[in-house]
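Bear in mind these aren't lab numbers, they're just calculated from the coordinates by the rules spelled out. Please read all numbers here as calculations on a predicted model, not as lab measurements. All Cβ positions, even for glycine, are placed from backbone atoms using ideal geometry, and neighbour counts span all protein chains on display.
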């Protein structure tokens with residue numbers, strides 16, 4: 001059987017070991033003092049970014065996410081280049097079919113982006129209105145009237161209607 005002093009020795013060793021661990025942990029957790037000065041910025045040889053300009057956009061304008069670039073010439077402003085080729089062709093309906101546009105009753109299916117929601121004026125251009133969402137109108141237009149429509153103040157752009165890709 002162990003003497004009382006011998007029993008206290010392992011307890012003292014355990015206490016000293018725990019105290020040593022605590023001192024080590026506290027020493028490791030003490031934060032380093034902050035640096036007295038900030039590091040200098042890296043030097044760069046890159047040129048400065050040029051100043052950017054902003055463009056003012058008219059309020060209330062609705063652009064179609066499916067719109068395509070318009071013809072470069074101003075003979076028919078706002079008319080898609082494919083439709084401008086169709087309108088200028090000697091046989092516009094055949095050109096429309098070759099361009100994979102939908103043709104129905106001698107009219108081509110297009111999307112009109114109007115400056116206003118009122119589409120009643122389209123009747124005077126022999127336009128067969130299909131669906132309308134806000135200022136965007138899907139319609140069938142005679143190819144000979146495409147340029148006339150594009151020149152009106154009521155029509156902002158004319159683009160081909162989205163087509164499913166044939167398989």
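Hey, could you get me the Stokes-Einstein D for the stretch 81-160, Kirkwood radius over alpha-carbon pairs, 10 °C and 1.306 mPa s, rounded to whole µm² s⁻¹?
After rounding, the answer is 128 µm²/s.
The ranking of 24, 54 by Cβ neighbour count inside 10 Å, starting from the fewest, reads 54, 24. Neighbour counts of C-beta atoms inside 10 Å place 104, 151 in the sequence 104, 151, starting with the fewest.
Arranged from fewest to most other beta-carbon atoms within 10 Å of their beta carbon, 122, 100 become 100, 122.
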